[in-house]
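So the structure is just underneath, and the comments pick up after that.
The values are calculated or read from the model by the stated rules, or taken from the named source; none is laboratory data. Model, not experiment: these values are computed from the prediction. Quick reminder, even Gly has a Cβ in these numbers, built from the backbone with ideal geometry, and neighbours come from all protein chains shown.
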């Protein structure tokens with residue numbers, strides 16, 4: 001359909017007089033200006049479109065000044081000069097070369113995961129051995145992607161914290177159930193770990209005596225249960241349950257040895273650990289409340305498999 005319209009236009013131009021051609025050009029210019037006004041801003045053209053305009057407009061010579069409206073005549077003249085090829089067939093590069101894609105990815109990753117400003121990002125790049133990047137380059141990369149150039153100051157929301165550390169953040173809490181033993185009813189404890197981003201969970205074996213040695217074994221088995229494709233845990237949320245302090249904080253120390261930092265939640269704030277709280281409630285309501293557990297020889301964790 002577009003080719004038919006062009007053919008009709010050529011037929012009109014071929015059979016028109018010089019006066020008619022002038023009027024037709026004026027009409028097309030007016031129509032072009034109206035269409036441009038609808039965009040509300042400059043019109044961006046691709047390299048292919050620019051080459052086409054140069055190819056069609058260059059033979060017109062000085063007359064192009066009266067015809068071209070998409071850009072200024074000076075810009076069009078620069079386009080023509082830019083198409084000239086030096087000897088050897090290689091185009092001349094103008095301005096500074098574009099920053100390598102890999103460096104841009106590193107800058108954006110640091111900014112998104114840490115909230116650092118351009119100064120600290122530049123320092124992190126130097127630590128990685130990348131020293132040929134200037135401050136203005138980092139600022140431009142951040143602005144082009146809609147990220148703040150300065151550090152995020154002030155207290156962030158809890159939702160922002162969870163989103164920032166989604167890949168490496170886990171939460172845990174105790175699952176407590178009453179079991180029937182030869183000595184009567186006793187409380188058995190299991191540790192429930194959950195990855196809020198993927199909802200993957202790990203439930204440890206149960207014990208009626210959560211001592212320091214048990215905590216060390218639980219942490220080791222938790223690390224071993226992480227899938228190969230998942231990021232290694234870096235942050236673990238937990239409440240201030242007194243059982244975590246058994247053995248002079250052996251649980252937290254076992255986590256630190258594996259590279260995991262513990263974040264203790266404020267008192268009486270179950271909503272901050274809602275994911276694991278809801279999982280424990282589901283285990284109790286949908287499973288453990290329907291039968292009597294006889295001892296803790298078999299791990300409660302097998303109920304999740």
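Answer with yes or no whether residue 110 is outside the structural domain of residue 260 (by TED's automatic domain parsing), modelled with pLDDT of 85 or more and under 30 Å from residue 239 (Cα atoms).
It is true that residue 110 is outside the structural domain of residue 260 (by TED's automatic domain parsing), modelled with pLDDT of 85 or more and under 30 Å from residue 239 (Cα atoms).
I need a count of the residues in region 237-249 that are over 35 Å from the mean Cα position of the chain (by Cα) and either touching a residue at least 12 places away in the same chain (Cβ under 8 Å) or not in a helix (DSSP H, G or I) (or both).
The total comes to 4.
Just for region 226-236: of the residues that are over 16 Å from residue 259 (Cβ atoms) and more than 19 Å from the chain's Cα centre (by Cα), which one is surrounded by the fewest Cβ atoms within 10 Å (Cβ to Cβ)?
228
Take the residues in region 277-305 that are assigned to a helix (DSSP H, G or I) and modelled with pLDDT under 70; name whichever of them is nearest to residue 199 (Cα to Cα).
304
If you check every pair at least six apart or on different chains, which have Cβ atoms under 7 Å apart with a residue in region 201-228 that is touching a residue at least 24 places away in the same chain (Cβ under 8 Å) first and a residue that is surrounded by fewer than 20 Cβ atoms within 10 Å (Cβ to Cβ) and assigned to a loop (DSSP other than H, G, I, E, B) second?
202/225; 205/299; 206/299; 219/258; 223/258
Looking at (1) in contact with a helix residue (DSSP H, G or I) (Cβ under 7 Å, 6 or more places away or on another chain); (2) exposed (fewer than 13 other Cβ atoms within 10 Å of the Cβ), which one does residue 242 not meet, given that it meets all the others?
(1)
Run residue 36 past the list (1) part of a helix (DSSP H, G or I); (2) at pLDDT 75 or above and report the number of the one that doesn't hold.
It fails just one condition, (2).
On the given criteria, is residue 58 touching a helix residue (DSSP H, G or I) at 6+ places or on another chain (Cβ under 8 Å), on the phi < 0 side of the Ramachandran plot and at pLDDT 80 or above?
It is true that residue 58 is touching a helix residue (DSSP H, G or I) at 6+ places or on another chain (Cβ under 8 Å), on the phi < 0 side of the Ramachandran plot and at pLDDT 80 or above.
Filter region 176-189 down to the residues that are touching a residue at least 24 places away in the same chain (Cβ under 8 Å) and under 14 Å from residue 244 (Cβ atoms) and list them by number.
If the condition is that a residue be touching a residue at least 24 places away in the same chain (Cβ under 8 Å) and under 14 Å from residue 244 (Cβ atoms), then 189 is the only one that fits.
Mind checking whether some residue in region 225-234 is under 14 Å from residue 203 (Cα atoms) and either assigned by TED's automatic domain parsing to the domain that holds residue 174 or not in a loop (DSSP other than H, G, I, E, B) (or both)?
Yes: one or more hits.
Suppose we filter 130, 141, 103, 121 for residues that are farther than 30 Å from residue 244 by Cα, more than 14 Å from the chain's Cα centre (by Cα), in a loop (DSSP other than H, G, I, E, B) and at pLDDT 85 or above; which single one remains?
130
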